[in-house]
Amino acid sequence: YVASRDRITKGWLDAGVRNPVVLTGDVHAHWASEIKTDFDDPDSATIGAELVCTSITSGGDGTDSDPATHPFLQINPHLKFYNNQRGYVISRIGMDEMRSDFKTLPTVKTADAQATTKATYVIEDRVPGLNQTYLRPLPQTMASRSAGRSDEDIIRETIENETRRP
(Lines give C-alpha, C1' and ligand atoms only; values in the text may rest on other atoms or scores of the structure.)
Protein backbone atom coordinates (compact mmCIF):
# COMPACT_ATOMS: atom_id res chain seq x y z
CA TYR A 1 0.00 0.00 0.00
CA VAL A 2 3.04 2.24 -0.32
CA ALA A 3 1.70 4.21 -3.31
CA SER A 4 -1.63 4.89 -1.58
CA ARG A 5 0.10 5.90 1.65
CA ASP A 6 2.47 8.21 -0.23
CA ARG A 7 -0.46 9.85 -2.08
CA ILE A 8 -2.29 10.51 1.18
CA THR A 9 0.84 11.81 2.90
CA LYS A 10 1.63 14.10 -0.04
CA GLY A 11 -1.96 15.36 0.03
CA TRP A 12 -1.62 16.31 3.70
CA LEU A 13 1.67 18.09 3.04
CA ASP A 14 0.32 19.91 -0.04
CA ALA A 15 -2.77 21.03 1.89
CA GLY A 16 -0.71 22.22 4.87
CA VAL A 17 -2.35 19.86 7.36
CA ARG A 18 -0.39 20.70 10.48
CA ASN A 19 -0.60 17.42 12.40
CA PRO A 20 -2.63 14.59 10.86
CA VAL A 21 -3.76 11.74 13.10
CA VAL A 22 -5.02 8.45 11.71
CA LEU A 23 -7.36 6.39 13.90
CA THR A 24 -7.99 2.82 12.81
CA GLY A 25 -8.42 -0.60 14.28
CA ASP A 26 -9.44 -4.21 14.61
CA VAL A 27 -6.14 -5.80 13.71
CA HIS A 28 -6.11 -7.76 17.00
CA ALA A 29 -3.40 -5.58 18.56
CA HIS A 30 -2.76 -2.03 19.75
CA TRP A 31 -0.23 0.01 17.75
CA ALA A 32 1.00 3.60 17.99
CA SER A 33 3.33 4.88 15.29
CA GLU A 34 4.65 8.03 13.75
CA ILE A 35 3.87 8.89 10.14
CA LYS A 36 7.08 9.69 8.27
CA THR A 37 7.72 11.43 4.98
CA ASP A 38 9.94 8.47 4.06
CA PHE A 39 9.51 5.21 5.97
CA ASP A 40 12.78 3.89 4.48
CA ASP A 41 14.64 6.70 6.28
CA PRO A 42 14.06 6.65 10.06
CA ASP A 43 15.50 10.16 10.29
CA SER A 44 12.98 11.64 7.83
CA ALA A 45 10.46 14.17 9.09
CA THR A 46 7.58 13.01 11.26
CA ILE A 47 4.38 14.57 9.94
CA GLY A 48 1.69 12.88 12.03
CA ALA A 49 0.65 9.88 14.10
CA GLU A 50 -1.34 6.69 13.70
CA LEU A 51 -3.22 5.05 16.56
CA VAL A 52 -4.48 1.51 15.98
CA CYS A 53 -6.99 -0.07 18.31
CA THR A 54 -7.26 -3.80 18.88
CA SER A 55 -10.48 -5.72 18.70
CA ILE A 56 -12.33 -6.00 21.98
CA THR A 57 -12.73 -9.81 21.91
CA SER A 58 -11.60 -11.28 18.56
CA GLY A 59 -8.78 -13.77 18.84
CA GLY A 60 -9.24 -14.50 22.54
CA ASP A 61 -7.31 -12.86 25.37
CA GLY A 62 -4.12 -12.04 23.52
CA THR A 63 -0.95 -11.55 25.53
CA ASP A 64 0.70 -8.66 27.27
CA SER A 65 4.13 -7.59 26.07
CA ASP A 66 6.87 -5.14 26.84
CA PRO A 67 6.83 -2.47 24.12
CA ALA A 68 10.43 -1.59 24.87
CA THR A 69 11.68 -5.02 23.82
CA HIS A 70 9.18 -6.23 21.22
CA PRO A 71 11.13 -7.00 18.02
CA PHE A 72 8.53 -5.24 15.83
CA LEU A 73 9.74 -1.95 17.31
CA GLN A 74 13.34 -2.80 16.51
CA ILE A 75 12.60 -3.44 12.83
CA ASN A 76 10.08 -0.56 12.49
CA PRO A 77 11.67 2.57 14.00
CA HIS A 78 8.49 4.61 13.40
CA LEU A 79 6.50 2.16 15.58
CA LYS A 80 6.46 3.36 19.19
CA PHE A 81 4.01 0.96 20.84
CA TYR A 82 2.69 -2.56 20.34
CA ASN A 83 0.50 -4.66 22.64
CA ASN A 84 -1.49 -7.80 21.83
CA GLN A 85 -4.07 -7.69 24.62
CA ARG A 86 -7.73 -7.06 23.76
CA GLY A 87 -9.20 -3.67 24.55
CA TYR A 88 -10.01 -0.26 23.15
CA VAL A 89 -8.66 3.29 22.89
CA ILE A 90 -10.18 6.39 24.44
CA SER A 91 -9.11 9.62 22.72
CA ARG A 92 -9.85 13.12 23.94
CA ILE A 93 -9.26 16.03 21.62
CA GLY A 94 -8.66 19.41 23.24
CA MET A 95 -7.57 22.81 21.99
CA ASP A 96 -3.86 22.10 22.48
CA GLU A 97 -3.52 18.33 22.43
CA MET A 98 -5.04 14.94 21.77
CA ARG A 99 -4.66 12.38 24.56
CA SER A 100 -5.22 8.67 23.89
CA ASP A 101 -5.38 5.93 26.50
CA PHE A 102 -4.82 2.37 25.29
CA LYS A 103 -7.10 0.24 27.52
CA THR A 104 -6.55 -3.50 27.88
CA LEU A 105 -8.42 -6.39 29.46
CA PRO A 106 -6.64 -9.20 31.34
CA THR A 107 -9.17 -11.64 29.86
CA VAL A 108 -12.23 -11.52 27.61
CA LYS A 109 -13.68 -14.68 29.15
CA THR A 110 -14.73 -12.97 32.39
CA ALA A 111 -17.75 -10.67 32.17
CA ASP A 112 -16.55 -8.28 34.87
CA ALA A 113 -12.86 -8.13 33.87
CA GLN A 114 -11.59 -4.64 34.59
CA ALA A 115 -10.00 -2.62 31.80
CA THR A 116 -6.81 -0.81 32.75
CA THR A 117 -4.63 1.68 30.93
CA LYS A 118 -1.61 0.04 29.27
CA ALA A 119 -0.23 3.22 27.70
CA THR A 120 -1.09 6.88 27.20
CA TYR A 121 0.07 9.03 24.30
CA VAL A 122 -0.26 12.76 23.86
CA ILE A 123 -0.13 14.45 20.46
CA GLU A 124 0.46 18.16 20.84
CA ASP A 125 -1.06 20.68 18.46
CA ARG A 126 1.47 21.70 15.80
CA VAL A 127 4.01 19.11 17.07
CA PRO A 128 3.68 15.99 14.89
CA GLY A 129 4.50 12.71 16.55
CA LEU A 130 3.83 10.81 19.73
CA ASN A 131 4.69 11.60 23.33
CA GLN A 132 4.30 8.62 25.65
CA THR A 133 3.19 9.86 29.06
CA TYR A 134 2.38 6.52 30.67
CA LEU A 135 3.27 2.85 30.22
CA ARG A 136 2.09 0.13 32.60
CA PRO A 137 5.04 -2.21 33.13
CA LEU A 138 4.91 -5.82 32.05
CA PRO A 139 4.11 -8.01 35.08
CA GLN A 140 7.17 -9.90 36.29
CA THR A 141 5.50 -13.25 35.59
CA MET A 142 5.01 -12.24 31.93
CA ALA A 143 8.55 -10.88 31.65
CA SER A 144 10.07 -14.12 32.89
CA ARG A 145 7.77 -16.22 30.64
CA SER A 146 8.87 -14.36 27.49
CA ALA A 147 12.52 -14.15 28.51
CA GLY A 148 13.86 -17.18 26.61
CA ARG A 149 11.92 -16.64 23.38
CA SER A 150 13.74 -15.64 20.24
CA ASP A 151 12.83 -12.54 18.22
CA GLU A 152 11.86 -14.86 15.36
CA ASP A 153 9.38 -16.72 17.59
CA ILE A 154 7.87 -13.46 18.83
CA ILE A 155 7.61 -12.05 15.30
CA ARG A 156 6.03 -15.28 13.99
CA GLU A 157 3.49 -15.30 16.84
CA THR A 158 2.73 -11.63 16.29
CA ILE A 159 2.14 -12.12 12.57
CA GLU A 160 -0.11 -15.11 13.29
CA ASN A 161 -2.13 -12.98 15.75
CA GLU A 162 -2.38 -10.13 13.25
CA THR A 163 -3.56 -12.29 10.36
CA ARG A 164 -5.85 -14.70 12.22
CA ARG A 165 -9.47 -14.49 11.16
CA PRO A 166 -12.08 -14.25 13.97
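The values are calculated or read from the model by the stated rules, or taken from the named source; none is laboratory data. These numbers were taken from a predicted model, which means no experiment stands behind them. Counting neighbours? That spans all protein chains shown, and the Cβs are built from the backbone with ideal geometry, glycine included. Heavy atoms of the whole protein, side chains included, go into the accessibility calculation; ligands, DNA and RNA do not. Shrake-Rupley method; radii C 1.70, N 1.55, O 1.52, S 1.80 Å.
See the values below:
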| item | result |
| --- | --- |
| Every pair of residues 6+ apart whose Cβ atoms lie under 6 Å, when the first sits in the stretch 95-106 and is hydroxyl-bearing (Ser, Thr, Tyr) while the second is open to solvent by 20 Å² or more (accessible area, probe 1.4 Å) and modelled with pLDDT of 95 or more | 100/89; 100/91 |
| Residue that is least open to solvent (accessible area, probe 1.4 Å) [pool: residues in the stretch 18-52 that are β-branched (Val, Ile, Thr) and over 18 Å from residue 122 (Cα atoms)] | 27 |
| Test: residue in the stretch 49-56 that is farther than 19 Å from residue 101 by Cβ, of a type outside the set (Phe, Trp, Tyr) and in contact (Cβ under 8 Å) with a residue 24 or more places away in the chain | no |
| Filtered residues of the stretch 54-88 (kept if assigned to a strand (DSSP E or B) and open to solvent by 40 Å² or more (accessible area, probe 1.4 Å)) | 80, 88 |
| Filtered residue count, the stretch 21-47, keeping only those that are in contact with a Phe, Trp or Tyr (Cβ under 7 Å, 6 or more places away or on another chain) and under 26 Å from residue 85 (Cα atoms) | 4 |
| Test set (1) over 22 Å from residue 155 (Cβ atoms); (2) assigned to a loop (DSSP other than H, G, I, E, B) - residue 47 fails condition number | (2) |
| Some residue of the stretch 4-13 being touching a strand residue (DSSP E or B) at 6+ places or on another chain (Cβ under 6 Å), loosely packed, with under 14 Cβ neighbours inside 10 Å, hydroxyl-bearing (Ser, Thr, Tyr) and farther than 21 Å from residue 136 by Cα | no |
| Unique match (being at pLDDT 95 or above and not polar (S, T, N, Q)) among 48, 59 | 48 |
| Unmet requirement for residue 112, which otherwise passes all of (1) of a type in the set (Asp, Glu); (2) part of a strand (DSSP E or B); (3) surrounded by fewer than 14 Cβ atoms within 10 Å (Cβ to Cβ) | (2) |
